[in-house]
Amino acid sequence: MLEVAFLRSPHAHARIGNIDARRALEVPDVVAVYTLRDLCPPLVREQLPLQFPDAKLDQDLGPFVLARDEVVYVGEPIALVVAKSRYVAEDAAAQIDIAFEPLPVVADCLTARSSAAPLVHTARKSNVVAELRQSYGDIAGAFSGAHERIRVSLKQHRGGAHPIETRGAVAAYERSEHRLTVWSSTQLAHELRSFMMRMLDLDDNAIRIITPDVGGGFGAKYLVYAEEVALAAAAIKLRQPLKWIEDRREHFIAALQERDQHWDIEVACAADGRLLGVRGSLIHDQGAYTPQGINIPYNSATAFPGPYMLPAYDLQLVAVSTNKVPTSSVRGAGYPQGTFAMERCLDRIADRLGLDRVEVRRRNLIPAAQIPYATPLQSRSGSKIVFDSGDFIAILEDAVAEIDRAGFAERQGHARAQGRLIGLGVACGIKGTGRGPYESGMVRIGPSGRISVHSGAAPMGQGLKTTLAQICAEQFGLEPSAISVFAGDTAAVPYGMGGFASRQTVTAGSSVHLAACQVREKVLQIAAHVFEADVGDLEIVDGVVKIKGIPHPGLSLREVASVVYGSPGYAIPKGFTPGLESAETFLPKGLTYGMACHAVELEIDIGTCSVQINRYVVVNDSGTLINPDIVEGQIVGGVVHGIGNALFEWMGFDASGQPLTTTFAEYLLPTATEISRVDVRLPQYPSPLNPLGVKGVGESGTLPTAAAIVSAIESALNGAGLELDEIPISPGKLFALTQAAR
């Protein structure tokens, strides 16, 4: 196996002239240097197609496998070097000479929107990727009859996913079998296979994608990347296995990021703080390419109303290209941004009217009597957004009581007397989970009696295999450790969607549950045939079928399986089909929604301008709990991600599009010393939309976090008349705020 390194653009925008690789090829142990033209064939397409096709979008918005005539962001891959080690490949890449012609750069989405701005791509007519509108209700009437009109302008800066394991892939081409095998750290094995088919013109049976254990994804691996396709094409061309492992700097400058977003909105409210209407605009930075469509700004816009009653809404969405890293889904996929905007509006209403911030939320939350609640909005798939179950006000009350908000005024008074600034913030959010269109699940009892589960779902450190094993084991009276779970291999499961949108327990879990029930029923029928008994008289205990109430060793699953496994020349019992297996694909009828309320008490250190979180409470409706430990772990992880968004993670670029934060020393992530204990409470409001009653939780912990923290910072600076309108809140920003507060 050989190793690959990519030569990446040092320019945010430039025309590519002559590429001279002669010096690189002279480096000892270098095997090959490939540009885009060198890889055609086996490539039959130079540009990746849109991952989410949309008739409203141009179809040439995806990245090139390797830059062809023009580079449009720093870090865009131009050539790949194959060598006997990564060290040699990197040294050789530095020896490639390219004649660049620098072109004008636009690094800010507000500037890029202007018709006078330089073009991000010289071949395109505009930097505006798409414009659309989310609108319902009588917006003019809402504002004409409003007691107050409040203007809110917000900026939410871009950040990255930064899983502990960066991207990586190995590609091997077996010439004798005409088969390409790719091991990839991806969240969507079957989608990657589909892309490889189109890019390399291979039959689906000639491509196998295997996803080994993945050390985190958080959205960064929910994408087919140019590097994976280039690696596969080079492996076919060389007829040798190739490996590429992304280093951390590459992840900073080349793996997808999320946002920037600029919200300029106006909110109309009644004298009692009830929402009447919101109107305005959302400008979203797509980066240099649009690999997945405009799902993020669309999600942000539909997430904005949250769990609240909003009678009228009119928001213009504008997705704009810039000469920066492409953006798409990072944990929450646009929902945290919409949540932040709504929660800021509610805080402004409370402050303007002199009302309690929690009381304003209580008055606007959808009451339990109106749930299921159909909103006037539609999801990206075109289905209605319907909140299927829950008691939103009860969840708010639980969070407020748990953090002892009633005693906060006294605590804050004591702290101020000591010269300390403490604050308390509360925020709510709601997340659609279990996105379709389906997920596969197969349960099989082999001749050995061992039970295996196969799914197109994508384990990536979130405990999915444990959850699927639990769901299956329940039907056979076994411990989860007795179940073998296989996922992320396109050779084992023909269809699958993978991991995204907090979906896998809802979809894969339901499929496995239905399949396990089918296999259990067949096991009982076979045993009834052997025992000459009724199915209703049987039970399965510890993997053994027994007649209820009768002392008998029973039939093991291995013995049951042998009945229908068959022997050469001998018939299996009449009325039974061979084998013990069932494959199901659960198709959700709609998204299932889990509401959460976060309450945080924090302290601002005036000397260091740091934020210390003293107490963090989450009350999160997760539907039926399969494994409470896993649910709590996912929610806590989401909170930590949200704390990073609020206080630390800032992916900076200068005016020329050069990245400013390319190491963790500059970018900053929250670590154990910045995180207090997170107290998680899990009320259960089962969903009626799936047989398990479950709701997804992979992203829900992230949604209200930044809004709650920013609200708490304002609370700590109470009386200074300050309004925070952006995240993250850096120490420098806090210094200015504390000086003003003092």
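In table form, for the structure just shown:
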| read-out | value |
| --- | --- |
| Residue match in segment 559-574 (condition: of a type in the set (Ser, Thr, Tyr) and either in a helix (DSSP H, G or I) or closer than 30 Å to residue 415 by Cα (or both)) | yes |
| Segment 42-78, residues that are free of Cβ contacts under 8 Å to residues at least 12 places away in the same chain and more than 28 Å from residue 130 (Cα to Cα) | none |
| Residues located in segment 123-166, provided they are under 30 Å from residue 312 (Cβ atoms), acidic (Asp, Glu) and under 25 Å from the mean Cα position of the chain (by Cα) | 131 |
| Pair list, Cβ under 6 Å, 6 or more apart: segment 81-97 residue in contact (Cβ under 8 Å) with a residue 60 or more places away in the chain, other residue part of a helix (DSSP H, G or I) and of a type in the set (Lys, Arg) | 95/23 |
| Qualifying residue in segment 303-310 (condition: in a strand (DSSP E or B), in contact (Cβ under 8 Å) with a residue 12 or more places away in the chain, more than 24 Å from the chain's Cα centre (by Cα) and within 13 Å of residue 345 (Cβ to Cβ)) | no |
| Tally of residues being hydrophobic (A, V, I, L, M, F, W, C), over 26 Å from residue 467 (Cβ atoms) and either at pLDDT 95 or above or surrounded by 16 or more Cβ atoms within 10 Å (Cβ to Cβ) (or both) across segment 665-712 | 7 |
| Selection within segment 225-254 - surrounded by fewer than 24 Cβ atoms within 10 Å (Cβ to Cβ), outside any helix (DSSP H, G or I) and among the aliphatic types (A, V, I, L, M) | 245 |
| Extreme residue, nearest to residue 712 (Cα to Cα), among residues of segment 376-415 that are outside any helix (DSSP H, G or I) and of a type in the set (Gly, Ala, Ser) | 390 |
| Residues being among the charged types (D, E, K, R), in contact with a strand residue (DSSP E or B) (Cβ under 8 Å, 6 or more places away or on another chain) and over 18 Å from residue 506 (Cβ atoms) - total across segment 442-483 | 2 |
| The listed residue being hydroxyl-bearing (Ser, Thr, Tyr) and without any contact (Cβ under 8 Å) to a residue 24 or more places away in the chain, out of 440, 481 | 481 |
| Residue that is farthest from residue 199 (Cα to Cα) [pool: residues in segment 258-281 that are surrounded by fewer than 24 Cβ atoms within 10 Å (Cβ to Cβ) and within 30 Å of the chain's Cα centre (by Cα)] | 266 |
| Matching option when the condition is within 38 Å of the chain's Cα centre (by Cα) and farther than 30 Å from residue 331 by Cα, among 450, 558 | 450 |
| Considering residues of segment 123-181 that are among the β-branched types (Val, Ile, Thr) and either closer than 30 Å to residue 1 by Cβ or in contact with a Cys (Cβ under 6 Å, 6 or more places away or on another chain) (or both) only, the residue surrounded by the fewest Cβ atoms within 10 Å (Cβ to Cβ) | 164 |
| Exclusive hit being of a type in the set (Asp, Glu) and closer than 23 Å to residue 250 by Cα, set 26, 3 | 3 |
| Residue ID - nearest to residue 501 (Cα to Cα), chosen from residues in segment 360-388 that are in contact with a strand residue (DSSP E or B) (Cβ under 7 Å, 6 or more places away or on another chain) and among the polar types (S, T, N, Q) | 379 |
| Candidate set from segment 554-595 (those that are surrounded by 15 or more Cβ atoms within 10 Å (Cβ to Cβ) and among the β-branched types (Val, Ile, Thr)); member that is farthest from residue 504 (Cα to Cα) | 572 |
| Among (1) more than 27 Å from residue 208 (Cβ to Cβ); (2) crowded, with 19+ Cβ neighbours inside 10 Å; (3) in contact (Cβ under 8 Å) with a residue 40 or more places away in the chain - the single one residue 474 does not satisfy | (2) |
| Residue pairs meeting the criteria (Cβ under 7 Å; at least 6 apart or on separate chains; first not assigned by TED's automatic domain parsing to the domain that holds residue 603, in segment 723-735; second part of a loop (DSSP other than H, G, I, E, B) and surrounded by fewer than 20 Cβ atoms within 10 Å (Cβ to Cβ)) | none |
| Selection status of residue 245, at pLDDT 95 or above and within 27 Å of residue 293 (Cβ to Cβ) | no |
| Condition met for residue 444 (assigned to a helix (DSSP H, G or I) and of a type in the set (Lys, Arg)) | no |
| Tally, over segment 597-632, of residues that are modelled with pLDDT of 95 or more, of a type in the set (S, T, N, Q) and in a loop (DSSP other than H, G, I, E, B) | 2 |
| Residue match in segment 319-341 (condition: at pLDDT 95 or above, of a type in the set (Gly, Ala, Ser) and within 30 Å of residue 14 (Cα to Cα)) | yes |
| All positions within segment 335-359 that are more than 20 Å from the chain's Cα centre (by Cα) and either part of a loop (DSSP other than H, G, I, E, B) or under 30 Å from residue 500 (Cα atoms) (or both) | 342, 343, 344, 345, 346, 354, 355, 356 |
| Subset of segment 92-111 (residues that are over 30 Å from residue 157 (Cβ atoms) and either buried (at least 17 other Cβ atoms within 10 Å of the Cβ) or over 36 Å from the mean Cα position of the chain (by Cα) (or both)) | 92, 93, 95, 96, 97, 98, 99, 101 |
| Any hit, segment 149-157, residues being more than 29 Å from residue 379 (Cβ to Cβ) and in contact with a Ser or Thr (Cβ under 7 Å, 6 or more places away or on another chain) | no |
| Single residue of 458, 427 found to be in a loop (DSSP other than H, G, I, E, B), buried (at least 24 other Cβ atoms within 10 Å of the Cβ) and in contact (Cβ under 8 Å) with a residue 60 or more places away in the chain | 458 |
| Residue that is surrounded by the most Cβ atoms within 10 Å (Cβ to Cβ), among those in segment 311-334 that are in a strand (DSSP E or B), out of contact with any helix residue (DSSP H, G or I) (no Cβ under 6 Å at 6 or more places or on another chain) and not polar (S, T, N, Q) | 313 |
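Rundown of residues vs (1) surrounded by fewer than 20 Cβ atoms within 10 Å (Cβ to Cβ); (2) polar (S, T, N, Q); (3) assigned to a helix (DSSP H, G or I); (4) in contact (Cβ under 8 Å) with a residue 24 or more places away in the chain, yes/no style:
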{"site": "493", "(1), (2), (3), (4)": "no, no, no, yes"}
{"site": "498", "(1), (2), (3), (4)": "no, no, no, yes"}
{"site": "502", "(1), (2), (3), (4)": "no, yes, no, yes"}
{"site": "510", "(1), (2), (3), (4)": "no, yes, yes, yes"}
{"site": "516", "(1), (2), (3), (4)": "no, no, yes, yes"}
{"site": "522", "(1), (2), (3), (4)": "yes, no, yes, yes"}
{"site": "529", "(1), (2), (3), (4)": "yes, no, yes, yes"}
{"site": "540", "(1), (2), (3), (4)": "no, no, no, yes"}
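The values are calculated or read from the model by the stated rules, or taken from the named source; none is laboratory data. Since we're looking at a predicted model, the values are computed, not measured. Counting neighbours? That spans all protein chains shown, and the Cβs are built from the backbone with ideal geometry, glycine included.
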